[in-house]
Amino acid sequence: MESDDVIEVLVCRGTGCESSKSDVLQERLVEEVQRHGLDGRVVVKRVGCHGLCQQGPVIAIEPEGLFYCQVKESDIPEIVESHFVKGQPVERLFYEAPDGKRIPHYRDIPFYSEQQRVILAKSGHIDPGEIDDYVAAGGYKGLERALKEMTPDEVVAEVERSGLRGRGGAGFPTGLKWKFARRSPGDVKYAICNADEGDPGAFMDGSILIADPHAVLEGLSIAAYAIGAHEAFIYVRHEYPAAVASLKRAIAQSYERGFLGKDILGTGFDLDIKMMEGAGAFVCGEETALMASIEGRRGMPRPRPPFPVESGLWGKPTVINNVKTLAAVSLILRNGADWFRSIGTEGSPGTAIFSLTGKVRNTGLVEVPMGATLRHIIFDVGGGVKEGRKFKAVQTGGPAGGCLPAEKLDLPVDFDSLKAAGAIMGSGGMIVMDESTCMVDVARYFLSFTQAESCGKCTPCRVGTLQMLRLLDKIRSGRGEEGDIEKLLALCDTVVKGSLCGLGQNAPNPVLTTIQYFRDEYEAHIRDKVCPAMVCKDLIKFVIDPDKCIGCGACARICPTGAARGEKESVHTIEQELCIKCGACYEVCPPRARAVMKVPVGQTLEGAKGGAE
Amino acid sequence: MPDQTRAELASRLIPMLQEIQEELGYIAPEAVEWLSEHLGVSKQEIFGVATFYNFFRLNPPGRHEIHVCLGTACHVGGGEKLLDTIREKLGIEPGETTPDGRFSLERVACVGACALAPTVVVDGEVHGRMTQRSLKRLLDRIEREDREAMGGK
């Protein structure tokens, strides 16, 4: 290594990489660096989510911008010896493109080069546990500008001019919300950060809190200043222990450094931020329920108006913003409203952040300008559908969102166009589904979630979702009748109209969109008693093709009920009465045999094979 | 404002329930009595809150806590099948503890490790990209370690 530059080794400690033992990697790196006497020349840092979770655990090397994927503990000595001592990067750990080529720099990997990382720019590049890293990256410049150079009204005006819309999903103009709260009479006001990221399949907010917590604290402080609050809360999901720990540390450091507390930055502005952990209630993501929870009550929504900006926490004017909204606020105050407006679309400026998961090649955290198409996100950034399967649907917006089919792939992603298509932007979950996903099953899944999470206050939501769930169960189990789809649609209408909060109003969306775009699948379940994706348990059975069985016994060993059985080295069978259709045998049957098959329940193996050929 | 103090006390209810559960593993009846006295909130209200939120449990957990993630990505990736496997193997339903007090089973909405779906969290440790086989191996390993720990005593 010819240059004297310090090598920074950034070890991703996001939830994904951490569960693949990146903590151990970091320890080993430190040990090896010390063993080779490289202290001071090589600095090992923990960073938050780098985004490309699929390839985790990942390690980035700066300033070169090299990127190691799927690093194992046993790779560490080689990385240190070869790369840091001899200056020869370990090529076999570079990202492998679909064509087999290795890509050394993360900026050249399509997953990154096809994104525009603005809010996530620091994620994976700074140590979230060190406030100095954040400050060195330009952090707290936005707060400083707001406090020292602007009046609260000017801050509100700047955010209004930026066109920022709430990233929690509803897309309400943030500046307008602040203006209402600012104008509400009263000395005591509150600012709240909603970090109760309850959508299953979404991890953007948690990742930002782990990777860049100060960006959110800074945004929250700016919000408090703008509306005239001296007390603020962050309501964070307790299911995210790493985010909780990251925030605790960040808050403590901010107090130490004078970014929180009395007389912030010598401007006379006082602010305290308290963190509150949620207790596992999805409905608490709804703002009035969230406030009830902070007050120590059951998190049940109440009618609006009055809106929180007039009467919120303890009856005081309150502003509630999402994690991503506040992170954007920090940047808007630092770089100006015009800069923000230059990204995204006229109606939805800025970027959109998604957690891209499901049957897509590159799962992870993605940021693109608003207005990018679904196709761009799923195919250019996400690399398309896994294992060369066919794309079937994409689900956005979590349980309140909808499933969009291939025809909608060229839809630009922003608040308005997704809504027009029946889905919603939501907080940012994006789940890709392939032909092996049953849309009736998916609709039932989301509904079972909202049904269980319904707080029970509004009868249409409490009872309506249960009735819908029963109908879907009926269809899924092959007992569906003509007219069931119409009954479902009628129930959807009632639940939408008769519910107070977004949970109930949007709960029918997954059902409505799957019926709208995949009605044939519902009809196949109802009329033909067939699940085209071979997912619904009551409509399929597992059988072993005697011509293909090699008698390896893998199925018999894994079968939890003893249904799969047979003598060693001879053809195995599945006792249908004992089979619970868990599919374990299907999963373990070796690829060279592929003897275990899924067959429609009314068909014989021969019939199914005949049909397939 | 006297109401202010009452409101403040009430707002401590959820954090205190969390602390109690952290300490005891569940919300014991004695703890509810104690809280009621100290916070001036009725026992009914405390039970109301404790049963409303999924996090709180009113019975002691097993020594090993298994949380099967059934977030969307995990559902699509086969989380239900993993749950079936555990159900069958341990003979308990979500929310229950094995009679010997060794395992308790819960379903969780999402642990935020969607990119590694399907995931199972055992004793706080996230295990990603689980298959029926790796799950079975994991459970076998825990049982073996338990046996060894017992034998070692």
Inset, instruction - Would you point out which residue out of B:G124, B:G128 is loosely packed, with under 15 Cβ neighbours inside 10 Å and within 11 Å of chain A (Cβ to nearest Cβ)? - result: B:G124
Inset, instruction - Take the range B:14-45 and flag every residue that is hydrophobic (A, V, I, L, M, F, W, C) and either more than 10 Å from chain A (Cβ to nearest Cβ) or in contact with an Asp or Glu (Cβ under 6 Å, 6 or more places away or on another chain) (or both). - result: B:I20, B:L24, B:I27, B:A28, B:A31, B:V32, B:W34, B:L35
Legend entry - Count of residues meeting criterion [of a type in the set (D, E, K, R), more than 9 Å from chain A (Cβ to nearest Cβ) and either more than 25 Å from B:I27 (Cβ to Cβ) or open to solvent by less than 30 Å² (accessible area, probe 1.4 Å) (or both)] in the range B:52-86: 1
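Residues are listed down the side, and each one gets a yes or a no for (1) more than 14 Å from chain B (Cβ to nearest Cβ); (2) assigned to a helix (DSSP H, G or I); (3) of a type in the set (S, T, Y):
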residue: A:A556; (1), (2), (3): no, yes, no
residue: A:T561; (1), (2), (3): no, no, yes
residue: A:S570; (1), (2), (3): yes, no, yes
residue: A:E577; (1), (2), (3): yes, no, no
residue: A:C582; (1), (2), (3): no, no, no
residue: A:C585; (1), (2), (3): no, yes, no
residue: A:R592; (1), (2), (3): yes, no, no
residue: A:M597; (1), (2), (3): yes, no, no
Legend entry - Check on A:R479, modelled with pLDDT of 95 or more, part of a loop (DSSP other than H, G, I, E, B) and surrounded by fewer than 21 Cβ atoms within 10 Å (Cβ to Cβ): yes
Inset, instruction - Sort out which residues of the range B:51-86 are under 25 Å from A:A443 (Cβ atoms) and among the acidic types (D, E), and write them in order of number. - result: B:E80, B:D84
Inset, instruction - Of the conditions (1) touching a Pro at 6+ places or on another chain (Cβ under 9 Å); (2) open to solvent by 20 Å² or more (accessible area, probe 1.4 Å), A:R592 clears all except one; give me its number. - result: (1)
Inset, instruction - Could you check the range A:285-398 for strands (runs of 3 or more DSSP E) lying wholly inside it with 2 or more residues that are within 22 Å of A:A229 (Cβ to Cβ)? - result: A:318-322
Legend entry - Pairs with Cβ under 9 Å, 6+ apart, first in the range B:132-150 and surrounded by 11 or more Cβ atoms within 10 Å (Cβ to Cβ), second polar (S, T, N, Q) and in a helix (DSSP H, G or I): B:Q132/B:T85; B:L135/B:T85; B:K136/B:T85; B:L139/B:T85
Inset, instruction - Scan the range A:379-404 for residues that are away from every other protein chain (no Cβ under 14 Å), closer than 29 Å to A:L164 by Cα and in contact with a Lys or Arg (Cβ under 8 Å, 6 or more places away or on another chain) and jot them down. - result: none
Legend entry - the range A:315-344: number of residues that are open to solvent by 20 Å² or more (accessible area, probe 1.4 Å), of a type in the set (F, W, Y) and in contact (Cβ under 8 Å) with a residue 40 or more places away in the chain: 0
Inset, instruction - Report, ordered by the first and then the second residue, all pairs with beta carbons closer than 7 Å, sequence separation of six or more or different chains, a first member in the range A:355-378 that is under 12 Å from A:F391 (Cβ atoms) and facing chain B (nearest Cβ under 8 Å), and a second member that is assigned to a strand (DSSP E or B) and of a type outside the set (K, R). - result: A:G358/A:I431; A:G358/A:V432; A:G358/A:M433; A:K359/A:V385; A:K359/A:V432; A:K359/A:M433; A:K359/A:D434
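The values are calculated or read from the model by the stated rules, or taken from the named source; none is laboratory data. Since the structure is predicted, the reported quantities are computational estimates derived from the model, not experimental observations. For neighbour counting, all protein chains shown are included, and Cβ atoms are generated from backbone atoms with ideal geometry for every residue, glycine included. Only protein heavy atoms, including side chains, enter the accessible area calculation; ligands, DNA and RNA are left aside. Shrake-Rupley method; radii C 1.70, N 1.55, O 1.52, S 1.80 Å.
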